[in-house]
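Asker: The structure's right below; bear with me while I get my questions together.
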Amino acid sequence: MADDEIILADLSDDELVLQMHDDLYDGLKEEIEDGVNILIGRGWTPYDVLTKALVAGMTIVGNDFRDGILFVPEVLLSANAMKSGMFILKPLLVETGAPRMGKMVIGTVKGDIHDIGKNLVAMMMEGAGFEVLDLGINNSVEKYLDALEAEKPDILGMSALLTTTMPYMKVVIDTMKEKGLRDDYIVLVGGAPLNEEFGRAIGADAYCRDAAVAVETAKAWVARKHNQLSA
Amino acid sequence: MALTPPDDATLTTTGLPLSGPSSTADRVLLIACGALAHEILALKQQNHWSHLDLQCLPANLHLWPDRIPAAVEQAVAAHRAAYDQIFIVYADCGTGGLLQAKCAELGVQMVEGPHCYSFFEGNAAFAAKAEDEFTAFYLTDFLVRQFDAFVWRPMGLDRHPELRDIYFGNYTKLVYQAQTNDPALDAKAANCAARLNLAYERRFTGYGDLATALTQVAAARAAP
């Protein structure tokens, strides 16, 4: 054993959480699993482990990605580590309950198989307390509408990586308008070639540059929707 | 006189500096992606388009497509006074319409289409295949030669090969769109497909709509 090896179980709670932020940053999956199990073993609620250790750590990763300090490969490794921690926490969160922020249906549009950004958004939305139904890739307008009908989410999220597939988002939104459904949902869009102007032009509520922005935008829109309903 | 492009690594990171004649009257400047340098120079030579000058921007701008419009604007501004006509040899290239908007603002034309995979195949033919081929990953001659610089290393697969299936798990095949007949490139492309765990297909495209677009540009201002 190396002299400088850190024994997670020997750390105090505060030290362990900070160490987990570092481990998440470095994409260390097994260390994150160990950290989650240690905190749960010490009586932490699953919700606190999720928010204070995982989401807070992933927020640092997201900020450094936004600022050009980290790049996609590193973010993917961090996301994988967080995913493994969430895998442990998910059933515990169901048992113990956690604040629910709202519900989201998300998917990559028809003709597009790219799902890295979409998966990251789905994971961070779950981490922020949203229930997420992930439709996967290559979704037709019918599939989106069926999911909206069945799930009655607060938010529809659509993702596209290609210039050639991003116009399909407008097809979905226009169909929602035709059916009188558009105002029932918050529509968020994202993907590398998109921008705010495109989001406005197709009639989305907001364009989200990255997963962190998606979470903050979703929270703000859901709060606004709830305020409108209670007014 | 034929102009030899610099090596691909230079085209990737630096581009190709303008080496036109001292007099630029009646000449056309092509501002192009470095990934197209070989093809444009080949077309120039084949067609004797001696009145077309070429400057290439670094091909690796494609790793940050949002930087392409500003780079094109800067290049146009640098040469506008010297040339009667400037043509931008980029397609949309992941800029989400921003390059088209920038070109319109600058009053210059650009190549039609979403990206080079489309215009090499022919935009109409590529669009017709879209429904059946959206699980294909495309490489051109340049990208086969620069596979490690454009795909393998930027995606971190040299350091973290375990990420391969996260990136490519939804793809089914690698299509090598060959601009030239080069058995060595064919073999290298097949090896790229194997490294990505994808089926392999070679498809000869030649220069496709790139040739069409440049022919129109060249003809509009015929050589003196």
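The values are calculated or read from the model by the stated rules, or taken from the named source; none is laboratory data. This structure is a prediction, so every number in the text was calculated from the model and none was measured. Don't worry about glycine lacking a Cβ; one is built from the backbone with ideal geometry, like all the others, and counts go over all protein chains shown.
Asker: Cβ-Cβ under 6 Å, sequence separation 6+ or interchain: first residue in the range A:190-208 and assigned to a loop (DSSP other than H, G, I, E, B), partner among the small types (Gly, Ala, Ser). Which pairs?
Answerer: Filtered contacts from the range A:190-208: A:Gly191/A:Ser159; A:Gly191/A:Ala160; A:Pro193/B:Gly94; A:Pro193/B:Gly96; A:Leu194/B:Gly96; A:Asn195/B:Gly96; A:Cys208/A:Gly190; A:Cys208/A:Ala214.
Matching residues to (1) surrounded by fewer than 16 Cβ atoms within 10 Å (Cβ to Cβ); (2) modelled with pLDDT of 95 or more; (3) not in a strand (DSSP E or B):
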{"position": "B:Asn170", "(1), (2), (3)": "no, yes, yes"}
{"position": "B:Val175", "(1), (2), (3)": "no, yes, no"}
{"position": "B:Thr180", "(1), (2), (3)": "yes, yes, yes"}
{"position": "B:Ala194", "(1), (2), (3)": "yes, yes, yes"}
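Asker: Quick one: in the range A:156-195, of everything that is surrounded by fewer than 23 Cβ atoms within 10 Å (Cβ to Cβ) and within 18 Å of A:Leu133 (Cα to Cα), which residue is nearest to the other protein chains (Cβ to nearest Cβ)?
Answerer: My answer is A:Val187.
Asker: For the range A:122-141, state whether one or more residues are in a helix (DSSP H, G or I) and in contact with an Asp or Glu (Cβ under 8 Å, 6 or more places away or on another chain).
Answerer: The answer is yes, given that some residue of the range A:122-141 is in a helix (DSSP H, G or I) and in contact with an Asp or Glu (Cβ under 8 Å, 6 or more places away or on another chain).
Asker: Of B:Leu11, B:Leu61, B:Leu36, which residue is touching a Lys or Arg at 6+ places or on another chain (Cβ under 8 Å), within 30 Å of B:Asn181 (Cα to Cα) and in a helix (DSSP H, G or I)?
Answerer: B:Leu61
Asker: With the requirement that a residue be more than 13 Å from every other protein chain (Cβ to nearest Cβ) and either at positive phi or among the β-branched types (Val, Ile, Thr) (or both), what does the range A:73-106 give you?
Answerer: Of everything in the range A:73-106, those that are more than 13 Å from every other protein chain (Cβ to nearest Cβ) and either at positive phi or among the β-branched types (Val, Ile, Thr) (or both) turn out to be A:Ile88, A:Val94, A:Thr96, A:Gly97, A:Gly102, A:Val105, A:Ile106.
Asker: Also, quick follow-up: Can you name the residue in the range B:100-124 that is in contact (Cβ under 8 Å) with a residue 12 or more places away in the chain and among the aliphatic types (A, V, I, L, M) and is also farthest from the other protein chains (Cβ to nearest Cβ) among such residues?
Answerer: My answer is B:Val108.
Asker: Going through B:Leu157, B:Leu163 one at a time, which residue ends up being part of a loop (DSSP other than H, G, I, E, B), within 14 Å of chain A (Cβ to nearest Cβ), of a type outside the set (Ser, Thr, Tyr) and buried (at least 16 other Cβ atoms within 10 Å of the Cβ)?
Answerer: Answer to the check: B:Leu157.
Asker: Would you mind finding the one in B:Leu99, B:Leu63 that is over 19 Å from B:Arg27 (Cα atoms), modelled with pLDDT of 95 or more, under 16 Å from the mean Cα position of the chain (by Cα) and not assigned by TED's automatic domain parsing to the domain that holds B:Asp148?
Answerer: Of B:Leu99, B:Leu63, the one residue that is over 19 Å from B:Arg27 (Cα atoms), modelled with pLDDT of 95 or more, under 16 Å from the mean Cα position of the chain (by Cα) and not assigned by TED's automatic domain parsing to the domain that holds B:Asp148 is B:Leu99.
Asker: Within the range B:145-154, take every residue that is more than 13 Å from chain A (Cβ to nearest Cβ) and assigned to a helix (DSSP H, G or I) and give me the one that is nearest to B:Pro183 (Cα to Cα).
Answerer: If we take residues in the range B:145-154 being more than 13 Å from chain A (Cβ to nearest Cβ) and assigned to a helix (DSSP H, G or I), then B:Arg145 is nearest to B:Pro183 (Cα to Cα).
Asker: Something else: Within the range B:165-192, work out how many residues are among the hydrophobic types (A, V, I, L, M, F, W, C) and over 15 Å from B:Asp141 (Cβ atoms). Outline the logic, then answer.
Answerer: Just the residues of the range B:165-192 that are among the hydrophobic types (A, V, I, L, M, F, W, C), to begin with: B:166, B:168, B:174-175, B:178, B:184-185, B:187, B:189-190, B:192.
If we keep only those that are over 15 Å from B:Asp141 (Cβ atoms) as well, we get B:166, B:168.
Count: 2.
Asker: Since A:Met176 meets every condition but one in (1) in contact with a Leu (Cβ under 8 Å, 6 or more places away or on another chain); (2) outside any loop (DSSP other than H, G, I, E, B); (3) under 14 Å from B:Gly96 (Cβ atoms), which condition does it not meet?
Answerer: (3)
Asker: Can you find a residue in the range B:132-144 that is assigned to a loop (DSSP other than H, G, I, E, B), crowded, with 16+ Cβ neighbours inside 10 Å, within 14 Å of another protein chain (Cβ to nearest Cβ) and without any contact (Cβ under 8 Å) to a residue 12 or more places away in the chain?
Answerer: yes
Asker: For the range A:31-43, name all the residues that are without any contact (Cβ under 8 Å) to a residue 12 or more places away in the chain and either part of a helix (DSSP H, G or I) or under 19 Å from the mean Cα position of the chain (by Cα) (or both).
Answerer: Within the range A:31-43, A:Gly41 is the sole residue that qualifies.
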